[in-house]
């Protein structure tokens, strides 16, 4: 799985399945990220839904193929929606991803994040500061692997290089562009693409690698034509929509 | 009204009045659609407002020239806002449009949608799955006409071809581009443009046809320069802003 | 301070400090403006956060370098968040800006806006209709100066020309482009850039002038390549990201 060509082909296959099957991804995500996340999912070929009403969320999760739980802008109704949705996902054995946005900034949010970990997300996506707040350890490869092992999940530690570990296996993906950090909700949208991949690939490890590689490579393609973070954000959507096997093969950087 | 040239001229006249009068459109719309809807209304020349606070919504509706009621992301406060707003619209005889987003996915939302129908929206805008959930019938021309008749409203059944019926009259508009389905909130924004048209055209039938034709044609113009759904969404705003009579006449496809 | 070259250099210095220090700006802003505001702050080099949860807002404000209080889409949770945040800002002596969006449309919002004035914002940013509703006077230079004096704040009255007064001093900035009025949340985003400037410039008067001049000039640069309000909104983000001293010097129009 570490061979670049193999990862590129897995990513191409996963993208092809998303485009063919149009999986439904229900997103409980912060209000800042909703529009960009929905557009990125549509660009990939998935079908987003975004409601957080406690009356309705059960029906949306039951009809979905994967669930995104993002803790940004965590108001009361959103928090209650997360609890209902995670239970519905467990009942249905639906894969879900935890994106504990800004838990390094808010102690109650960090506590909520730790409680959610116990509910067994398939994947946890976070940045180094969030990883430190959630795990109590510095964000590096060995700590990520231990944390993944201890929590029986996959850790996707994203940043300049994305580190993905399920405890045993550890992969570093070096794709992406610095402009990705200058667009709000870029990480949130990347996590949503991981969810779309989880919906069409039974191995959550492969799904995570494939999605993050594709997302980073879309960022590289977008950077080629961007004049700044505004046009970059738009071009990322176009690039993900058009991403093909040849581009994935030519650009994937994995170790 | 079925002659293309006549519809193109009506659409051009309605756009000109929106640009001249800058009608206020109050939108209760889902959190994913708010920004794109507001930008599309501004591009058309209208003035959007978006609050859903129950304390304030009465004042905003009283000051508005049309009301959009979109049921996406239907949380508690939004639901209560809809009820207050629809009453205020009835008192003021303000035209309003019902966009029952995703009622096919959520039984409580479908029930709420049916209750709102009884409050007499000028127009109901929906896709085939939503029409089936609301009416209990397959989405086709005759069923749309019967439903419009029974509910004394105008049905705008949007998709590859937009079907508009007030019961007696039935028109199909074949403008638009497949990329419109790859951008979130595109249908929601189209419904908002119908609202802007309702604010400046007393005949809701003409207003609906004019707005949907203009919107679809803006999509065709945008597709000419788009590199994918990201740049398409941006170009749609530009295209609606600049849409002129000659383009409408050259492109309208109605039957 | 009225010399254009001096203002251009102040703006360039303030932008350089934002890019270097990456100040955190916590934004309580309306749901329509959140994404664009966050992207504009990131483009300027600042780090936005947007939560409105009453449980968390205290921690976010304490960790921030400036606070934006925008009264758009003022639902219950947002209103309660404003009250908590303004208290936390006072305790920490954090500069904050009041943007009383649409108070001319909603009497309860106007009342809330007046109460917030008593809590001593560093800057109040508003348009002429909002100024009239808040102050009871016509929006013109002398009235803005009196209002600033009486409330010990800086008034930034934005529009075709931006008027900035702290009571004694009065400056008019004539930069900007008409397309700025055709993009939703443009004024909200401009207010957020003032907040970023407040975080790195101790004199709130200089911070406000610098930010508004830079913002207007970014608008002029963006208009050069825009095809309409859609591409303009994107180009504004790029332009602010790349704005340099030479462009500021060449374009600043102040009197």
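The values are calculated or read from the model by the stated rules, or taken from the named source; none is laboratory data. Just so it is clear, the structure is predicted and the values come from calculations on it, not from any experiment. Backbone-built Cβ (ideal geometry, glycine too); neighbour counts: all protein chains shown.
Go through B:61, B:86 for me and flag whichever is within 19 Å of the chain's Cα centre (by Cα), at pLDDT 95 or above and farther than 30 Å from residue C:233 by Cβ.
Values: B:61 fails: farther than 30 Å from residue C:233 by Cβ.
Matching residue, one of B:61, B:86: B:86.
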- prompt: Among the candidates A:74, A:7, A:15, A:67, which residue alone is touching a residue at least 40 places away in the same chain (Cβ under 8 Å), more than 15 Å from the chain's Cα centre (by Cα), crowded, with 24+ Cβ neighbours inside 10 Å and not in a loop (DSSP other than H, G, I, E, B)?
  reply: A:7
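How many of the residues in segment C:153-166 are closer than 18 Å to residue C:219 by Cβ and crowded, with 21+ Cβ neighbours inside 10 Å? Steps first, answer last, please.
Within segment C:153-166, the first condition is being closer than 18 Å to residue C:219 by Cβ, and the residues that meet it are C:156-164.
Filter once more, so that each one left must be crowded, with 21+ Cβ neighbours inside 10 Å: C:156-158, C:162-164.
Of the residues in that region, 6 qualify.
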query: Looking only at segment B:30-64, which residues are surrounded by fewer than 22 Cβ atoms within 10 Å (Cβ to Cβ) and out of contact with any helix residue (DSSP H, G or I) (no Cβ under 8 Å at 6 or more places or on another chain)?
result: B:63
query: Which ones in segment C:214-225 are over 17 Å from the mean Cα position of the chain (by Cα) and either surrounded by 23 or more Cβ atoms within 10 Å (Cβ to Cβ) or within 18 Å of residue C:192 (Cα to Cα) (or both)?
result: C:222
field: Residues of segment A:213-255 classified as over 17 Å from residue A:13 (Cβ atoms), within 14 Å of another protein chain (Cβ to nearest Cβ) and not in a helix (DSSP H, G or I), total
entry: 3
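Which one is farthest from the chain's Cα centre (by Cα) among residues in segment C:159-168 that are closer than 19 Å to residue C:195 by Cα and not in a strand (DSSP E or B)?
Of segment C:159-168, the ones closer than 19 Å to residue C:195 by Cα are C:159, C:162-166.
Going one step further and asking which of them are not in a strand (DSSP E or B), we end up with C:159, C:166.
Numbers: C:159: 13, C:166: 15 Å.
Step by step, filter segment C:159-168, then rank; the result is C:166.
Among the residues of segment B:54-64 satisfying the criterion of being part of a loop (DSSP other than H, G, I, E, B) and in contact (Cβ under 8 Å) with a residue 24 or more places away in the chain, which is nearest to the other protein chains (Cβ to nearest Cβ)? Give the derivation first.
From segment B:54-64, those part of a loop (DSSP other than H, G, I, E, B) are B:54-56, B:63-64; that's our starting set.
Remaining after also requiring in contact (Cβ under 8 Å) with a residue 24 or more places away in the chain: B:54, B:63-64.
Details: B:54: 8, B:63: 6, B:64: 9 Å.
Applying the filter and picking the extreme gives B:63.
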task: Confirm whether residue B:189 is out of contact with any strand residue (DSSP E or B) (no Cβ under 6 Å at 6 or more places or on another chain) and part of a loop (DSSP other than H, G, I, E, B).
output: no
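Each row is one residue, and each column tells you yes or no for (1) surrounded by 24 or more Cβ atoms within 10 Å (Cβ to Cβ); (2) closer than 30 Å to residue C:243 by Cα; (3) within 14 Å of chain C (Cβ to nearest Cβ).
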| residue | (1), (2), (3) |
| --- | --- |
| A:151 | no, no, no |
| A:168 | no, no, no |
| A:172 | no, no, no |
| A:188 | no, yes, yes |
| A:191 | yes, no, no |
| A:205 | no, no, no |
| A:211 | yes, no, no |
task: Report the residue count in segment C:39-53 for those that are more than 8 Å from every other protein chain (Cβ to nearest Cβ) and outside any helix (DSSP H, G or I).
output: 3
- line: In segment B:125-142, residues that are away from chain A (no Cβ under 13 Å) and in contact (Cβ under 8 Å) with a residue 60 or more places away in the chain total 1
- prompt: Taking segment B:125-158 as the region of interest, how many residues are in contact with a strand residue (DSSP E or B) (Cβ under 7 Å, 6 or more places away or on another chain) and in a helix (DSSP H, G or I)?
  reply: 8
message: Can you find, within segment B:78-109, the residue that is nearest to the other protein chains (Cβ to nearest Cβ) among those that are touching a helix residue (DSSP H, G or I) at 6+ places or on another chain (Cβ under 7 Å) and surrounded by fewer than 17 Cβ atoms within 10 Å (Cβ to Cβ)?
response: B:107
task: Among the residues of segment A:174-185, write down those that are in a helix (DSSP H, G or I) and surrounded by fewer than 24 Cβ atoms within 10 Å (Cβ to Cβ).
output: A:178, A:179, A:181, A:182
Selection within segment A:19-38 - farther than 10 Å from residue A:50 by Cβ, more than 9 Å from every other protein chain (Cβ to nearest Cβ) and either within 14 Å of the chain's Cα centre (by Cα) or in a loop (DSSP other than H, G, I, E, B) (or both): A:22, A:23
- prompt: Among (1) closer than 22 Å to residue A:234 by Cα; (2) surrounded by fewer than 21 Cβ atoms within 10 Å (Cβ to Cβ), which single condition is residue B:245 missing?
  reply: (1)
- request: Please specify each residue of segment A:83-124 satisfying the condition of being assigned to a loop (DSSP other than H, G, I, E, B), under 17 Å from residue A:167 (Cα atoms) and touching a residue at least 60 places away in the same chain (Cβ under 8 Å).
  value: A:122
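Does residue B:93 meet the test of being out of contact with any strand residue (DSSP E or B) (no Cβ under 7 Å at 6 or more places or on another chain) and over 22 Å from residue C:34 (Cβ atoms)?
On the way: out of contact with any strand residue (DSSP E or B) (no Cβ under 7 Å at 6 or more places or on another chain): yes; over 22 Å from residue C:34 (Cβ atoms): yes.
Considered against the rule, which asks whether it is out of contact with any strand residue (DSSP E or B) (no Cβ under 7 Å at 6 or more places or on another chain) and over 22 Å from residue C:34 (Cβ atoms), residue B:93 comes out as yes.
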